[in-house]
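Chemist: Quick one: this structure, given as structure tokens, is what I'll be asking you about.
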Amino acid sequence: MIEVYDNFFSQEIQHQIYTFLMNTGGWTLTGGDPTKNRFWHFENLEQINYFNDFLYKKIIDKLNKKIDSFERIYANGQTSGQCGTLHIDDGDSTFLYYPNPEWKTDYQGHLIFFNGDEEDSEACRIVEYKPNRAIFFDGKIPHYADAPDRCYNDLRISLAYKLKHSTI
């Protein structure tokens, strides 16, 4: 189950998310696998009312799913060369949101899903990175985020909600 939603939030909310993440100073180089690839991480967004209440309610209303709660809320940031590694997520499902205001297909940075287990699988779906796009998917589907191309000189951001629920 992989669902893609374009124009998920209003432009005002998209701008608020992007501005907060770019200007608050919470980024550390602690994301990813320390033995393979590091990327930027913004932890503990679940402690901020805007993310744990206001945005969470909007996400739940728009998805119209039976979601019990969230486990974690955080953001990933990638620059050129900071490719994610193939993994499955904690939680039952994952909600990813792309707040960047502008993006060209040439910048790459797409989300790549695989079939099978992590060790023996093939790419089965690519979801392009697009501004104001959201992806809701089963956390057990192996995936990784490709790095932005070297021609992109900024941060590719994804806001992640790790969700718990009884039925997807």
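The values are calculated or read from the model by the stated rules, or taken from the named source; none is laboratory data. Source: prediction; values computed, not measured. Note that each Cβ is placed from the backbone with ideal geometry, even for glycine, and that neighbours are counted across all protein chains shown. Ligands, DNA and RNA are stripped out before the accessible areas are found, and what is left, the full protein with its side chains, is counted by its heavy atoms. Shrake-Rupley method; radii C 1.70, N 1.55, O 1.52, S 1.80 Å.
Chemist: Pairs of Cα atoms under 8 Å, at least six residues apart: use those to get the relative contact order of the chain, whole percent.
Modeler: It comes to 33 percent, rounded to a whole number.
Chemist: Between residue 36 and residue 154, what's the calculated FRET efficiency when r is the beta-carbon distance and R0 is 30 Å? Round to 0.05.
Modeler: 0.85
Chemist: Given a Förster distance of 25 angstrom, what is the FRET efficiency for residue 49 paired with residue 7, based on the Cβ-Cβ distance and rounded to 0.05? Show your work: numbers first, answer last.
Modeler: Working: r = 25 Å, r/R0 = 0.99.
Working from the Cβ atoms, E equals 0.50.
Chemist: With the full set of protein chains in place, find how many percent of the accessible area of the chain is carbon and sulfur; take the probe as 1.4 Å.
Modeler: Its accessible area is 45 percent carbon and sulfur atoms.
Chemist: Another question, if that's okay. Lysines near residue 58 by alpha-carbon distance under 28 Å, same-chain residues fewer than 8 away left out - which ones?
Modeler: Excluding near neighbours in sequence, the set is 66, 104, 130, 140, 162, 164.
Chemist: Just need the relative contact order of segment 1-99 here, percent rounded to a whole number, with Cα pairs under 8 Å and 6+ apart.
Modeler: 30
Chemist: Right, something else. About the Cα centre of segment 91-168, how large is the charge dipole given +1 on each Lys and Arg Cβ and -1 on each Asp and Glu Cβ? Please answer in debye to the nearest 20.
Modeler: Using Cβ point charges on Lys, Arg, Asp and Glu, segment 91-168 gives about 420 debye.
Chemist: Same structure, new question: State in Å² the accessible area per residue of the chain; use a 1.4 Å probe, count heavy atoms of protein chains only, and round to the nearest integer.
Modeler: With the other protein chains kept in place, the chain gives 50 Å² per residue.
Chemist: Treat every Asp and Glu Cβ in the chain as -1 and every Lys and Arg Cβ as +1, leave all other atoms uncharged, and give the resulting dipole magnitude about the Cα centre to the nearest 20 debye. Show your work: numbers first, answer last.
Modeler: Values: 17 positive and 25 negative charges, 87 e Å.
So the dipole magnitude of the chain works out to roughly 420 debye.
Chemist: With a ≥ b ≥ c taken as the square roots of the eigenvalues of the C-alpha gyration tensor of segment 92-151, please select rounded if a/c is under 1.5 and otherwise prolate if a/b is larger than b/c or oblate if it is not?
Modeler: oblate
Chemist: Based on DSSP H runs of at least 4 residues, each adding -39500 (n - 2.57), what is the mean residue ellipticity at 222 nm of the chain after dividing by all its residues, to the nearest 500 deg cm²/dmol?
Modeler: Roughly -3500 deg cm²/dmol at 222 nm, from the helical runs in the chain.
Chemist: Evaluate the distance, in nm, between pseudo-label points positioned 7 Å from the Cα of residue 104 and of residue 164 along their respective Cα→Cβ axes.
Modeler: It works out to 4.5 nm between the two label points.
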